[in-house]
Amino acid sequence: MQFDIRSFFKNGKTPFTAQFLADLSGEDFDGSVVSEPVRCSFEAHSTLDGVAMTLRIEAKADSECARCLAPVHESYDFSVDYLVRERELDDPDFELPLNEKGCLDIRELAYQELIFKIPRVLLCSPDCQGLCPICGKRKAAGCTCQPADQAAPADARLSILKQLLS
Ligand SMILES: [Zn+2]
Ligand SMILES: [Zn+2]
């Protein structure tokens with residue numbers, strides 16, 4: 001989906017709207033996967049200051065808990081507003097994605113906004129206790145390891161370190 005923003009500056013008398021589904025399943029979201037199509041709603045209209053645009057993004061992302069590796073499913077529904085002045089289009093630092101025809105690439109924009117929105121570190125619950133270092137099971141699932149056992153691997157690592165240092 002693209003938006004010919006240059007033409008819109010010249011001829012955009014009436015608002016432009018577009019709804020589309022973006023397939024971002026093959027994109028890299030730093031550990032999360034967005035397998036279902038992302039619902040995008042785009043609106044643009046002319047103002048005295050430039051072209052005002054709004055992009056609404058509805059997406060579901062699958063990830064795993066950073067501590068216990070349990071699946072984490074998150075839903076996102078958010079809007080981002082932009083105001084673009086015509087001279088910005090020729091600025092090499094213009095931050096919105098333009099394709100080779102100089103049109104705004106709305107799919108790419110949705111991807112950029114979504115990757116910015118999805119946290120790098122997700123937890124299944126705020127107080128997730130992670131995995132037991134002895135048995136590798138989720139602590140929430142209940143393991144029978146004793147606290148005394150849990151000191152053992154730390155000591156083992158420490159003794160290796162001592163060997164290396166000596
Ligand atoms: Zn967890
Ligand atoms: Zn355990």
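In order along segment 22-32, the Karplus-derived 3J(HN,Hα) couplings, from 6.51 cos²θ - 1.76 cosθ + 1.60 at θ = phi - 60°, round to 9, 8, 10, 5, x, 8, 8, 10, 6, x, 9 Hz, and Gly and Pro are given as x. In a shell of Cβ-Cβ distance under 15 Å around Val80, excluding Val80 itself, what net charge do Lys and Arg (+1) and Asp and Glu (-1) give? Around Val80, the charge tally is -4.
Between the Cα long axis of helix 147-165 and the first principal axis of the chain there is an angle of about 90°, rounded to the nearest 10. Note on Leu48/Val121: beta-carbon distance plugged into 1/(1 + (r/R0)^6) with R0 of 41 Å gives a FRET efficiency of 0.45.
Taking a Cβ cut-off of under 14 Å around Glu64, the surrounding Lys, Arg, Asp and Glu residues balance to a net charge of 0, with basic ones at +1 and acidic ones at -1. Solvent-accessible area assigned to carbon and sulfur over the chain amounts to 51 percent, based on a 1.4 Å probe.
Go ahead and run the numbers for FRET between Glu95 and His73, Cβ-Cβ distance against an R0 of 22 Å, rounding to 0.05.
Details: r = 30 Å, r/R0 = 1.38.
That pair, Glu95 with His73, gives E of 0.15.
Considering only Met53, Phe29, Ser125, the residue lying farthest towards the positive end of the dipole of the chain is Ser125, judged by Cα position with unit charges set on Cβ. Once both labels are positioned 7 Å from their Cα atoms along Cα-to-Cβ, the gap between Asp81 and Ser35 label points is 3.7 nm. Over the chain, accessible surface divided per residue gives 64 Å², non-protein components excluded, 1.4 Å probe. Remark: segment 40-54, residue by residue, has Karplus-estimated 3J(HN,Hα) of 10, 10, 10, 9, 9, 8, 7, 10, 5, 8, x, 9, 9, 10, 9 Hz, where x stands for each Gly or Pro and the curve is 6.51 cos²θ - 1.76 cosθ + 1.60 at θ = phi - 60°. Taking all Cα pairs closer than 8 Å and separated by 6 or more residues, the relative contact order of the chain comes to 20 percent.
The values are calculated or read from the model by the stated rules, or taken from the named source; none is laboratory data. Keep in mind that what you see is a predicted model, and the values were worked out from it rather than measured. Please note: Cβ atoms are built from the backbone with ideal geometry, for glycine as well, and neighbour counts cover all protein chains shown. The protein model used for the area step is the full one, side chains on, heavy atoms only, and it has no ligands, DNA or RNA in it. Shrake-Rupley method; radii C 1.70, N 1.55, O 1.52, S 1.80 Å.
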